[in-house]
Amino acid sequence: MKSLLSLFVIALAATSIEGAPKYSYDQCGSRYGTCAPGLCCSKWGSCGSTSEYCSTGCQTKFGSCSGSASKPTTTVPTPLRQLNEQCGSGFGSCASGLCCSEWGWCGYSSDHCTGGCQKQFGTCSASSTTAATLPTTTKSPTPTPLKQLNEQCGVITGCKAPGTFAVTYDDGPSVLTSGLLDYLDEVKVKATFFVNGNNRKNGDTGNPMLTIYELADVVRRAYNSGHQICSHTWAHTDIITVNEEEVVYEMTRLNHAFSKILGKVPTCMRPPYGDTDGPSRKILYKMGYTVVSWNVDPVDWNPVNSIDEMYQEYIDQTGSTSTKVGKFISLNHDVWNTTADFRPESYPKTIPLAKRSIDYLLERGWKVVNLAECLQSPPLYRDPNPSDSKCGTKACV
């Protein structure tokens, strides 16, 4: 009898554990479940706490919503603060593996984890005078940081929204970008620009190579027009060939430029050449980036190819896919004349790939969108913070 009673108690306990609520900090809805306490489930099925998530279309069944009568009457715990978000008194604690700096920002660098690191709001390095004593029972390796809101487990290669097509341009800004923006305005299309700070790798384009500061007005215009701006490293560096310090420097130096030019810092990036590996992705995820690749490549980066051949690649790679279900992200480069030269001396005598491809997509019925809409996400930016001005031993400008 005692044995039967013991088995019953064990079974009941197991059932209770299995029945414990499972919350999500990422996707939500009928397929994914309910957001963690304090987060709203947006109309797109993503968890978050801003007005984009909590207002129109917010799903009350799967999270909190502004003005929702279903909000719990008990005190809702403050959501954990993520990388590059503010922390401390009035904001809350950083997610697992992140330190709350003396300035009140979540991060993992020595600037965050030593000195005045706030142990009551996050992890602190053992070298910090205020470091917290880690539990002696914790013998396993440091856990992977909590997944950020809207962050993917791997590299994104296609859109999330069916029927959308995100046309993206790498390696700029260039002397051609302004003309491309004129065309995009004309056809009312929003694109995405993966921007470098000082790209000297495209000298064979035959065009002047200018820095992001020299073309700040062009970048600002693209941002203000609703195009998504993303990072492509400062100098188009292949991030799998350099160490962590250099990767962080490449990203931080460009972030510093974005903070000065836009007053915002993009949270999306594309590695030059599409090259990533496990270590480089870990660095980028720690820095809070959504890493994006592509699933359509017209090979416009190869000057040997003609515009006709590049255009045919668009047809070959997308023509058999229904515009109702396809989810494409294309790779293009606004530094090459064959792709983006709308200057009077060349256009309309020569129609560049940008116009031919987008006209084709629109005629077929594709919804051509920027990356944020493609991923069913709010604009992919954050506010600048003190870390954006710390480039290690090198200058940020």
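Pull out all pairs, ordered by first then second residue, where Cβ-Cβ is under 6 Å, the residues are six or more apart or on different chains, the first lies in region 157-170 and is at positive phi, and the second is in a strand (DSSP E or B).
Taking only residues 6 or more apart or on different chains, the pairs are Gly163/Lys367.
Being part of a strand (DSSP E or B), in contact (Cβ under 8 Å) with a residue 60 or more places away in the chain, closer than 23 Å to Val189 by Cβ and touching a helix residue (DSSP H, G or I) at 6+ places or on another chain (Cβ under 7 Å), is that true of even one residue in region 275-295?
Looking for residues that are part of a strand (DSSP E or B), in contact (Cβ under 8 Å) with a residue 60 or more places away in the chain, closer than 23 Å to Val189 by Cβ and touching a helix residue (DSSP H, G or I) at 6+ places or on another chain (Cβ under 7 Å), one finds at least one in region 275-295, hence yes.
Of the conditions (1) under 18 Å from Leu83 (Cα atoms); (2) surrounded by 18 or more Cβ atoms within 10 Å (Cβ to Cβ); (3) of a type in the set (Lys, Arg); (4) modelled with pLDDT of 95 or more, Lys286 clears all except one; give me its number.
(4)
All but one of (1) surrounded by fewer than 22 Cβ atoms within 10 Å (Cβ to Cβ); (2) more than 16 Å from the chain's Cα centre (by Cα) hold for Lys264; which doesn't?
Result: Lys264 fails condition (2) only.
Does Met269 satisfy the criteria of being within 17 Å of Asp334 (Cα to Cα) and not basic (Lys, Arg)?
Values: within 17 Å of Asp334 (Cα to Cα): yes; not basic (Lys, Arg): yes.
Taking the combined requirement at face value, the residue satisfies it.
Report whether or not Val335 is of a type outside the set (Asp, Glu) and closer than 28 Å to Tyr53 by Cα. Steps first, please.
Details: of a type outside the set (Asp, Glu): yes; closer than 28 Å to Tyr53 by Cα: no.
Taking the combined requirement at face value, the residue does not satisfy it.
Residue by residue through region 83-124, note down the ones that are over 20 Å from Tyr285 (Cβ atoms), out of contact with any strand residue (DSSP E or B) (no Cβ under 7 Å at 6 or more places or on another chain) and either buried (at least 24 other Cβ atoms within 10 Å of the Cβ) or not basic (Lys, Arg) (or both).
Hits for region 83-124 are Ser89, Gly90, Glu102, Trp103, Thr114, Gly115, Gly116, Gln120.
Kindly indicate which of Ser357, Ser330 is crowded, with 21+ Cβ neighbours inside 10 Å, in the same structural domain as Leu180 (by TED's automatic domain parsing), small (Gly, Ala, Ser) and in a helix (DSSP H, G or I).
None of the others qualify; the one that does is Ser357.
The values are calculated or read from the model by the stated rules, or taken from the named source; none is laboratory data. As the structure is a computational prediction, the values presented were derived from the model and not from experiment. Please note: Cβ atoms are built from the backbone with ideal geometry, for glycine as well, and neighbour counts cover all protein chains shown.
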